[in-house]
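Here is the structure we will look at, set down as C-alpha cells.
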Amino acid sequence: MSQSITREAALRIALAARELDEVAPRDLVSALAERLDLPLTETKLKSVTVADLQLILQGDEVVVTGVPRESLKQAVRLLWGEGVSGSELSPVQPYADGDLPGSIRVACASNSGEELDGHFGSCERFLIYQVSPAESRLIDIRPTLEADQAEDRNVARAELIKDCQVVYVQSIGGPATAKVVRAGVHPVKVGAGGTARDTLARLRAALLSPPPWLARIMGVEAATLAKFATADEDA
C-alpha cells in the first residue's frame, strides 16, 4: 500500500468513504485506482469532480446509487483535502509573482507535516515555499510517487522542483546532487532535520546579508564582498 498511495491520500479516501456511508475505504481505493491509475496521490485526488465520483461509484468496483448530492460534494471536498481533520499537511497559501519582493523559492524534503525529515531520493513529498526576509509562505505540496515511476527517479525528482533555487534535505547522494545542480537547484543538507519553518527562519535572516552561495542564487553582491567594495569607495 505504501508504494501505491501516500499516507495523506489514504486519510482523505478513508474520510470520503465515511461520508458516503455505504462504501468501504478499500473499495473506494480500488475504484479510484481504476479511474486514476496508481499511484494515488494528493495531486490526483484534487482532480476528482462530483461527476467523476458518481461514475466511480457506479463502476465495476463499487455499485452505489442514490447518494445525496451534498454527500458527494462533501466527499469530493475531503478528497481534495479541504477541512480534513487529522491531516498532517498544512494548508497551502496563494501566491502570485511579485507578492514577496526579494524572495526565492525553496523546496524542503519531507515525510510528515512540515518536518524537514526527508532524504532526497526517498521523501514522500517536497514542500515548496516562497521565502523573503519578511515571510515564509507554503505555496505548494508536491508528492513524489509519480516521479518514482520514471526510469531515472533522481532526474524526475529534480524536475519536480526545478522552479526552486534551493532544496533542503536531510541527506542526498553524489549522483543525485549532480542531477539536482544540473536542474539549476542548489542542494543544502540539514542532517539534524527539525521543522522546515525553523530552517527557513535562518534562511530569511541570511537573505538580508547573503553569503556568497546565496548571493549567487539571488543575483546580488555577497555581504562578504560588499564591505570590501565600500572600503574601496571610501579610500
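Selection of region 104-134 for residues being over 13 Å from ALA196 (Cβ atoms) and touching a residue at least 60 places away in the same chain (Cβ under 8 Å) yields ILE104, ARG105, PHE120, GLU124, SER132, PRO133, ALA134. Contact annotation: residue pairs with Cβ atoms under 8 Å, 6 or more positions apart or on different chains, pairing a residue in region 21-42 that is closer than 13 Å to LEU57 by Cα and at pLDDT 85 or above with a partner that is surrounded by fewer than 16 Cβ atoms within 10 Å (Cβ to Cβ) and among the hydroxyl-bearing types (Ser, Thr, Tyr), are ALA33/SER4.
Does region 135-184 hold any residues that are small (Gly, Ala, Ser) and either in a loop (DSSP other than H, G, I, E, B) or in the same structural domain as GLU42 (by TED's automatic domain parsing) (or both), and which are they? Of everything in region 135-184, those that are small (Gly, Ala, Ser) and either in a loop (DSSP other than H, G, I, E, B) or in the same structural domain as GLU42 (by TED's automatic domain parsing) (or both) turn out to be ALA150, GLY173, ALA183, GLY184. If you check VAL92, VAL106 for being surrounded by fewer than 17 Cβ atoms within 10 Å (Cβ to Cβ) and either in a loop (DSSP other than H, G, I, E, B) or at pLDDT 95 or above (or both), only one passes: VAL92.
Checking the structure you have, find out if any residue of region 96-109 is on the phi < 0 side of the Ramachandran plot, in contact with a Gly (Cβ under 9 Å, 6 or more places away or on another chain) and in the same structural domain as GLU135 (by TED's automatic domain parsing). Scanning region 96-109, I find at least one residue that is on the phi < 0 side of the Ramachandran plot, in contact with a Gly (Cβ under 9 Å, 6 or more places away or on another chain) and in the same structural domain as GLU135 (by TED's automatic domain parsing), so the answer is yes. Report yes if ASP99 is more than 18 Å from LEU40 (Cβ to Cβ), among the acidic types (Asp, Glu) and part of a loop (DSSP other than H, G, I, E, B), otherwise no. So ASP99 passes the test.
For LEU79, the criteria (1) modelled with pLDDT of 90 or more; (2) within 22 Å of GLN165 (Cα to Cα); (3) crowded, with 19+ Cβ neighbours inside 10 Å hold in every case but one, which is (2).
The values are calculated or read from the model by the stated rules, or taken from the named source; none is laboratory data. This is a predicted model, so every value here is computed, not measured. Quick reminder, even Gly has a Cβ in these numbers, built from the backbone with ideal geometry, and neighbours come from all protein chains shown.
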